[in-house]
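Step one of this worksheet: look at the structure below.
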Amino acid sequence: MPLISIIIPTYNRGHIINRAINSVLTQSFSDYEILIIDDGSTDDSKNIIQPYFKNTHVKYLFQENKGVCSARNMGAKNSTGEYLLFLDSDDVFKEDALKNYSNKITHDKPDIIYGDMFFINSKTKETIIKKVRNTNGKIEGLGISIPGTFCLTRKLFDEAGGYDENIRFGENTELKFRIEYLNPKASFLDQPVLFLLY
């Protein structure tokens, strides 16, 4: 059983999904599995992903188009890791993200871990760091609203009820509220784990 299950939902992103997958496969940490949940893509996504099938870390699952929340829940249901880490198919992990998450798991045994992120302007390439907590140690507004910047136990995800499949916008923020209501033990990496282009 791997320590971390990385769940990548995708829909018609064959042109960019290899970036997300490669950002996991090139990590120095290796105790993970990747679940790629194809949410009914009609482009060449499967052909793009197929070369990764030979990698023992990678699992590919297809479902009829039901939305990203359903795809994430399907990934969680079919995963085997102790911790769950969601990654959108158009984002990229920093090269040491999994190592930093795993070190925090080893040392703190938290229910949930938060990491910072790089915001990159796709036109100007201007890069800023968005921190998930302020100087008082409290979680900022984006504290769990970007997949890839939080890693949580399967137990906590299940207790919170997973993603609400009726929501089409702001689903991560809504999940955040339900998770915070459970008062989980939280840890912070205080360093970026994700590159997000906007």
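The values are calculated or read from the model by the stated rules, or taken from the named source; none is laboratory data. Quick caveat: nothing in here was measured; it's all calculated off a predicted structure. Glycine also receives a Cβ, built like all others from the backbone with ideal geometry; neighbour counts cover every protein chain displayed. In case anyone asks, the SASA skips ligands and DNA or RNA and just uses the protein heavy atoms, side chains included. Shrake-Rupley method; radii C 1.70, N 1.55, O 1.52, S 1.80 Å.
Within the option set G81, G75, being out of contact with any helix residue (DSSP H, G or I) (no Cβ under 8 Å at 6 or more places or on another chain) and either surrounded by fewer than 22 Cβ atoms within 10 Å (Cβ to Cβ) or not in a strand (DSSP E or B) (or both) holds for one residue only, G75. Quick check on the range 153-198: of everything there that is hydroxyl-bearing (S, T, Y) and closer than 11 Å to D111 by Cα, which residue is farthest from the chain's Cα centre (by Cα)? So, considering only residues that are hydroxyl-bearing (S, T, Y) and closer than 11 Å to D111 by Cα, the one farthest from the chain's Cα centre (by Cα) is S187. The selection criterion, being open to solvent by less than 20 Å² (accessible area, probe 1.4 Å), within 16 Å of G162 (Cα to Cα) and more than 13 Å from the chain's Cα centre (by Cα), holds for S70. Could you list, in sequence order, the residues of the range 96-135 that are in a loop (DSSP other than H, G, I, E, B) and exposed (fewer than 14 other Cβ atoms within 10 Å of the Cβ)? Hits for the range 96-135 are K109, N121, S122, K123, T124, K125, E126, N134, T135.
Filtering K125, K94 for residues that are farther than 21 Å from K176 by Cα, touching a helix residue (DSSP H, G or I) at 6+ places or on another chain (Cβ under 9 Å) and not aliphatic (A, V, I, L, M) leaves a single hit, K94. Among the residues of this structure, D88 counts as one that is touching a helix residue (DSSP H, G or I) at 6+ places or on another chain (Cβ under 8 Å) and assigned to a loop (DSSP other than H, G, I, E, B). S45 fulfils the conditions (1) free of Cβ contacts under 8 Å to residues at least 40 places away in the same chain; (2) open to solvent by 10 Å² or more (accessible area, probe 1.4 Å) except for a single criterion, (2).
Conditions tested, residue by residue: (1) in contact with a Cys (Cβ under 9 Å, 6 or more places away or on another chain); (2) at pLDDT 90 or above; (3) open to solvent by 60 Å² or more (accessible area, probe 1.4 Å).
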| position | (1), (2), (3) |
| --- | --- |
| I144 | no, no, no |
| T153 | no, yes, no |
| E165 | yes, yes, yes |
| F169 | no, no, yes |
| N183 | no, yes, yes |
| A186 | no, yes, no |
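Yes/no matrix, rows are residues, columns are (1) over 12 Å from the mean Cα position of the chain (by Cα); (2) without any contact (Cβ under 8 Å) to a residue 24 or more places away in the chain:
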| position | (1), (2) |
| --- | --- |
| I34 | no, no |
| T56 | yes, yes |
| N78 | yes, no |
| F93 | no, no |
| K104 | yes, no |
